[in-house]
Each structure stands twice: as C-alpha cells, then as structure tokens.
Amino acid sequence: MSIGKAEYLRTLTVSTLQSRSVPIGTELDGSSPPSIFIGSAGYPKVFAGPLITPEHGDTGVYDTPESWIPAKKSQEEIIGYRLGLVRGKRLVETTDIHSRFVSQLQEIVLSDTSVESEAAFLEVPTGFSFSEEHAPFGPSASIDKLSCEPVRWNHHLELAFDDTDLLARDAVINLHKEKVPFSSIQKAFSAGTMGNGKKRHLVPTRWSITAVDSTLANHLFHQVKKFSLMDSWRVHEFSSLHNRYAVILTPTGWQYEWTEAFIRVLGDEELIFSDSEIKSPKTEYSTVGGCYYTCKMAILEALLREQKQAGAIVLREATEGYVPLGVFNVRENVRNAMLTKGLEFETFKDAFSYASGKMTLKPEQFITSGKLLRSLMKEQQTRLSDFFSSQKPDVDEAEI
C-alpha cells in the first residue's frame, strides 16, 4: 500500500468517524473553555471564531489536553468533549486585530477561567472536524453576534499582551518557563496577543501549534546542548489512546528520529513514516508534519529537566481504534513517557531490541524505515567488530 501520510490520514478520518455532534439551534448560551479556532484556508483572510459548549460553568476540561492523559480520559470521552464544542466563524483579515470581534476572541484566550458566552448564528451549526494537527470540534456556522461576560485574565498572558516590544518568540519561551500550559500559550499566540505591537496578527490554529512547538524545541535544544552527555542507553515507554510509544535515548550529542507506524487501523495496512535530524534542527518543514516538532519539544523539555544531553530515537505505533485527535496526542503521550522511570541498557542493540520487542511490527521494518536508526545499528556493529578484532591474539601468542 503506497500512500502519503496526509492522504492516509484524510482517508482514515472519513472512514472511521461515526460520531455525532451536539445538536444546536441558531442561538447558543453557554461557556467557552476558553477556546477559539482560526482556520488557514484563504489566508490571509481566514475564518476565525470562538468554540462554545452549551454547558455553563467550568468547561476547562473540554480544551485542556494536558489534563486528559493523567486523568485517564478515554478516547471516547475526549471525542465527546470536543464534539460538544460549537464553532462560530467569521471571515476576517489576519491583520485586523483591533476589530471588536477579534478583541473578543483575545479576551477569551487571555481568560484565566471559562467564559460565559452567548452567540447567534446565521444558520444552524452542522458537521464536525477531525485532524491529525488540531483537536476535533463539533458543528460550525457563521456567527452573527457574540457577547461574553467580563473575565479575569491570566496574569502571565496579560504581561505578554501588554509588552508590545517583546518578541513573540521570547513571549512563548517566557510563558513556558512560567509553566503556563502549552494549550494556553498556543491559543494566545494564535489570537495575535504576542509580539511587536505593529506586527501582531492572527495565526491559523494549525500553524500556531507547530510554531509554538518548534519555537520551544529550538530554544530547549540550545539549552540542552550545554549539558554533559547521558552515560547510558535508556528506554522510556508509554501507551494510551490506541498508541504505543518507545523513546530510546542515546548517550550522544543531539540526534533525533521520529518513526511512526499505522497498523491495521483501516484494514490490513501497515504504513510507516519517518524523519530525522542530526546535530542541528531541521530547516525545512518535516515530511511527517507537526507531530515531529511536538515530540521533539517534549523530549528536549525532559532533558532540560534532567540537565543532560542525549539523542532520541522514537518509535510510535497507532493501532486498531485509533482516531486522529491532533498533535496533542503525541506531545502528551511523549511527555508522560518521559516522566516514567527509564530502563537502562549497555548497548544500543539491547535498547532497540527491548523497545522494538514491545511493538507489533518486526524490528527490521523500523530499521528499514529509519535512516538514523540504520546508521546507529551499523555503527554499533562496526564497534563490536573492531572490539573483537582487537582482542584476537596474533599468531605467536596463539602458538604459546
């Protein structure tokens, strides 16, 4: 089966979804988690608007991906939350951040709590959206009117919003240091609340997720490369939401490879996609999409916490029942993997043998797909060969 990842995921989304969105009329009185969504089609004119649930009160769980895996939320529960979010949309210029509507969206994402909201739509909201890049959401419709109750802003997000001389990159890094949740940073970034005042603009949700991931990953890379090398091969593993992950840390300078497999999700297919970098971050966009950057960020985040430098080979398998839920699925699974106590090994061969032994695919299928993985296997074999040849006695010693 020869098919690109993007095409495969589109087919998967259409084929596996039998879900139904929350029924809603042309008026909605409820609460935003807080949450917004900004599309990318037609950029720089895009459809932007709030995500609102018919429920009142604290609806934060609907859009806080960081909380789902630790709370052991099932895939069905997460989909239920997300399809309960109704998207209002209005065509706006990405540079028109001073309009009343965009200012309302900024108020929503800067909020420290859920936002009581009322919306009137031009038609009955319908449909739903699933993607590998962003979290799902429920029915959508053109929004006519939006009103939100006054809210208390998150202190750290407010400071970034008020500082119109602070670069967006530095704002993202500072907020991460202050332990503001990734999802909150990303939404605020998307709504144009960061950066030089004259250059602020809306950023499509899908793009903003990768922008924040890659910004943090590049910053963390420069911090981590100052540390001493890890002194052993180590494997961290984690499974949830119909995914298995194994992170093999290597006692080397930075090198990174992401290899993911989709196994019998649609039928009898076994598809593998891989991308890698050595010594320095990629300059071109990864062929495997946003998951490459979000996994990288999660690993570097953990290495900074440990104050060690290492490389990383990541194996992921998505199995029967898997549904695309957005790159949070990768980020939070890898974060949780890195919080587990890793198993240490004396050689890469031993580490890979253990990690691949927990997977469905045969080890050689990963080796064939992963450029860096193949290189490490050859390197280890060469070193072993050199070692044994150096131990071989010469003829005179053998005859004694």
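Note on region 288-315: residues that are surrounded by 24 or more Cβ atoms within 10 Å (Cβ to Cβ) and charged (D, E, K, R) amount to 1.
Of Val115, Val109, Val124, all but one fail to be under 30 Å from Gly289 (Cβ atoms) and either modelled with pLDDT of 95 or more or touching a strand residue (DSSP E or B) at 6+ places or on another chain (Cβ under 6 Å) (or both); the exception is Val109. For Thr126, the criteria (1) hydroxyl-bearing (Ser, Thr, Tyr); (2) over 23 Å from the mean Cα position of the chain (by Cα); (3) open to solvent by less than 50 Å² (accessible area, probe 1.4 Å) hold in every case but one, which is (3). For Ile173, the conditions (1) open to solvent by 40 Å² or more (accessible area, probe 1.4 Å); (2) more than 18 Å from Ile38 (Cβ to Cβ) all hold with the exception of (1). Kindly state which helices (runs of 4 or more DSSP H) lie completely within region 301-384 and contain at least 1 residues that are over 30 Å from Lys187 (Cβ atoms), in contact with a Lys or Arg (Cβ under 6 Å, 6 or more places away or on another chain) and not charged (D, E, K, R). Once the helices (runs of 4 or more DSSP H) in region 301-384 are filtered for at least 1 residues that are over 30 Å from Lys187 (Cβ atoms), in contact with a Lys or Arg (Cβ under 6 Å, 6 or more places away or on another chain) and not charged (D, E, K, R), what remains is 363-369. For region 156-174, the count of residues that are aromatic (Phe, Trp, Tyr) and in contact with a Gly (Cβ under 8 Å, 6 or more places away or on another chain) is zero.
Among the residues making up region 58-82, those that are under 23 Å from Ala191 (Cβ atoms) and either of a type outside the set (D, E, K, R) or touching a Cys at 6+ places or on another chain (Cβ under 6 Å) (or both) are Thr59, Gly60, Val61, Tyr62, Thr64, Pro65, Ser67, Trp68, Tyr81. Considering region 335-359, and only residues there that are of a type in the set (S, T, N, Q) and surrounded by fewer than 14 Cβ atoms within 10 Å (Cβ to Cβ), the residue that is nearest to Arg305 (Cα to Cα) turns out to be Thr340. The set of residues from region 143-160 being more than 15 Å from His176 (Cβ to Cβ) and open to solvent by less than 100 Å² (accessible area, probe 1.4 Å) comprises Ile143, Asp144, Leu146, Ser147, Cys148, Val151, Trp153, Glu158. The test for being among the aliphatic types (A, V, I, L, M), under 21 Å from the mean Cα position of the chain (by Cα) and modelled with pLDDT under 95 does not hold for Val224.
The values are calculated or read from the model by the stated rules, or taken from the named source; none is laboratory data. Owing to the predicted nature of the structure, the values given are computational and were not obtained by experimental measurement. FYI the Cβ positions are ideal-geometry reconstructions off the backbone, even for glycines, and counts take in every protein chain you see. Only protein heavy atoms, including side chains, enter the accessible area calculation; ligands, DNA and RNA are left aside. Shrake-Rupley method; radii C 1.70, N 1.55, O 1.52, S 1.80 Å.
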